[in-house]
Structure formats: structure tokens, C-alpha cells
1. Per-residue ellipticity at 222 nm for the chain, helices alone: DSSP H runs ≥ 4 residues times -39500 (n - 2.57), over residue total, nearest 500 deg cm²/dmol?
2. Using only the alpha carbons of segment 238-372, what is the convex hull's orientation-averaged projected area in square nanometres?
3. Using the alpha-carbon atoms, what tilt in degrees (0 to 90, nearest 10) does helix 64-73 show relative to the longest principal axis of the chain?
4. Simple spin-label model, 7 Å along Cα-to-Cβ: GLN124 to LEU360 in nm?
5. In the chain, what percentage of the DSSP-assigned beta bridges are antiparallel, given to the nearest 5?
6. For the chain, what's the relative contact order in percent, using C-alpha pairs closer than 8 Å and at least 6 residues apart?
7. Using amide H atoms built in the peptide plane, which far-off residues or other-chain residues are under 5 Å from PHE74 H to H?
8. Can you list residues whose amide H is under 5 Å from VAL57's amide H, if they're 5+ apart or on another chain and H is modeled 1.01 Å from N?
Amino acid sequence: MGANKKLKTLLVQLAAGTCISIFTGFILQRSAPVVPQQENSGLKDYYGSYFPIGVAVSAKSLDGAEAVLIRKQFNSVTPENAMKMAVIHPLENQYFWKDADYIVNFAKEHGMKVRGHNLCWHEQVPDWMFKDKQGRRVTKKVLLGRLKSHIFTVVKRYQGSVYAWDVVNEAIGDDQHTFLRNSPWYQICGEDFIFKAFEYAHQADPKAQLFYNDYNTERPEKRDRIYKLLKKMKAAHIPVDGIGLQGHWSLFEPDTKDLKDAIEKYASLGLKVQITEMDISVYPWEKEKRALHPGENTTYTSIMEQKQSDKYAEIFKVLRDERGVITGVTFWNVSDRHTWLDEYPVQGRKNYPLLFDQQLQPKQAYYRVVKF
């Protein structure tokens, strides 16, 4: 084929929107999107000028093929469970440091940031926290003393290694007609447990960034209640630096306008905003645990894959647009090989919410996230 004819063919294909590449004089069809980085680049590299990209890990995931993927793709880690109160502080006079230490040391070795998760939550709390030796509910003074001791011990151990903490997790009620969740923390201490937790964390490590963390943060009715809490904290000079939008989303939500509005409303308080537990379920949102229904489909279909890719692309477009206030994005688990959504809310229903498949290979959604 003559040079002019070859050029004419190339221009026709470009005009038609065909994804092509030229290699040793041949025009090759490509099915995957063209990614403007080298083959060894990861998410952290594509978003290097935007914000850190993190992942929730266990000590077990920091070995073998998953560890290789983590090092390539991410520059921040969050212990998925290893720092939660019931795990790290199972008995009043006993701490379990092994897994948390392993994760922090892995991050140090590979130059990664660490987000601490979490210091105070209504779930995964050890039984002893709210009871005295006779099994009776403790007083506010005793409970706040225990909370302070826990926070000081954990935060000081990782001072200088953990740059940010989810201090209080999910304190807003699920019922839109209530303000704060009616947890044992609230029943005993009122809202003071929230304020004191942040004060204790700041005293333990004045340089750490302190976040309030919650889910459904972009739904307008819950957004407004979270905003009310954060505004009250700022007015009382509580040392809160940012808000964590968990980002447990689905093919059906969030609406990009709601997400953008929420980010900007929280940022108007002078707060940093991070996406702290991101995944996109292929099923509609459910809160209550239930059994798998007979005949319920658990196949990852091509339609699901396309919708998931579109949703990831939409969300990351918003996050890039809000780069001035977004200071980190963390995925909740490494790949579809293992996700907490396999067991919750429907036990035994396989989910496919992440950017990497069960063979640790990039999914279509991955290319939509990095191609911008």
C-alpha cells in the first residue's frame, strides 16, 4: 500500500473513532482503552497530582500476588479490621498489636501512607467496655476514662506512622427523624463521647489529621444531619480536620450532583474530604442482613460490568473536579477475590465491587478510572 493510501486509511479510522495503535507500520485494532502511562504504572501514578489512592488491607493480604498488586497500584493503606477496638483491645488490660504492627511496618517499608481506622464505633466494641465487674452498665466518667485510655494507647503507639485517623465512626442515626445514633456510647455519654474522642486523639498526636467517618454522606437528608454535627463541632473548637465519605455505593447511586453538593457543603466548613471505604456494589443498597433468596442471581453480567464502569467513571470525574478539597481516596478491599460485601448484607451472595477481578486483573472499570 502506498504511503498516501495508508495515511488516508488511518485518517478514516481515526474519524470513525476506532481505537488504534501503530506498530512497525501496521495498524492494529485494540479492544482496551489507550492508557497514557507506561505499563508498570498504577492508580497511584495516574492520580499522583490529584490525591493519594489507598486500599483497605489485612495482614494476610500483604503477601504473595496481592501484595505485589498493592505495591504497584496504591500509596496508602488502611487496616480493614486490625485497629478496630474489639480486635486491637479485646480485654481491658490486653492489646493485640501483631496485625496492626505488621500493616504499619509494611507501609513504612514501601513508602506508603497509613490511615488509622477507627478509634470509636458502635460496632466491634469489646463487651467489657460498657460494663463493670458485676456486669452493670458503667457511668459516663468511667466510660470516657476507658475511651481516653484506649485512644491514648493506640494513637501514641503509631504516632508519626499513622497520618490520619477515623476518630468517630457512624454516629449519625439511620432514622432520618433522629439526629445521633442511640448507641451505648450515646446512651451513657450523650454527644460528649464524640467531642471527647477528638480531643483525646488530638492530645495523643497533635500532628495527626482527625476525621469523622460515615456512610450515605451524600444523601441530602443524612448529609444535612452530618453537616449539623460537624458545624457544631467546629463552633465548639473541637479538633476535627476532615470528613470521611465511606463511599459504599452501587450501580444506582450516588447521583453525581448529590455527591458534588455534599463534598462542597462539607468543605465549606473548612474541612478536608476523603473517600475512605470505596466500592461499587452491583446490587441495590440494603442495610439489614438477610439470607440469599432462592434463585437469586449472583452472576456478574456484561450489563452490570458496563453500568459499574460508567458509575466509576462518573464518580472519579467528580473527585478530580474537586481535587482542591479531596485529599485521599481509599478502596475497601483489594479485588473481587475478597470483599466484605460477599457476606454483607446478604451472606453468601458474591459481589464484584472493585477495580480488579478475582484473578487480580484490571476490569473495564479500571481503565475508565485511569483514562482521563
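The values are calculated or read from the model by the stated rules, or taken from the named source; none is laboratory data. Only a predicted model underlies this, so the values are computations on that prediction, with no experimental measurement involved. Cβ sites come from the backbone with ideal geometry, for glycine too, and all protein chains shown count toward neighbours. Ligands, DNA and RNA are stripped out before the accessible areas are found, and what is left, the full protein with its side chains, is counted by its heavy atoms. Shrake-Rupley method; radii C 1.70, N 1.55, O 1.52, S 1.80 Å.
1. Values: 12 runs with 135 residues, N = 372.
Helix contribution divided over all residues of the chain: -11000 deg cm²/dmol.
2. Details: hull surface 36.3 nm².
Averaged projected hull area, Cα only: 9.1 nm².
3. Once rounded, the angle reads 80 degrees.
4. Taking the two extended label points, one gets 2.3 nm.
5. Details: 10 of 45 bridges.
For the chain, the DSSP antiparallel bridge percentage is about 20.
6. Values: 621 pairs, mean separation 56.1, N = 372.
Relative contact order here is 15 percent.
7. LYS44
8. Under 5 Å from the amide H of VAL57 lie the amide H atoms of THR78, GLU80, each far enough along the sequence or on another chain.
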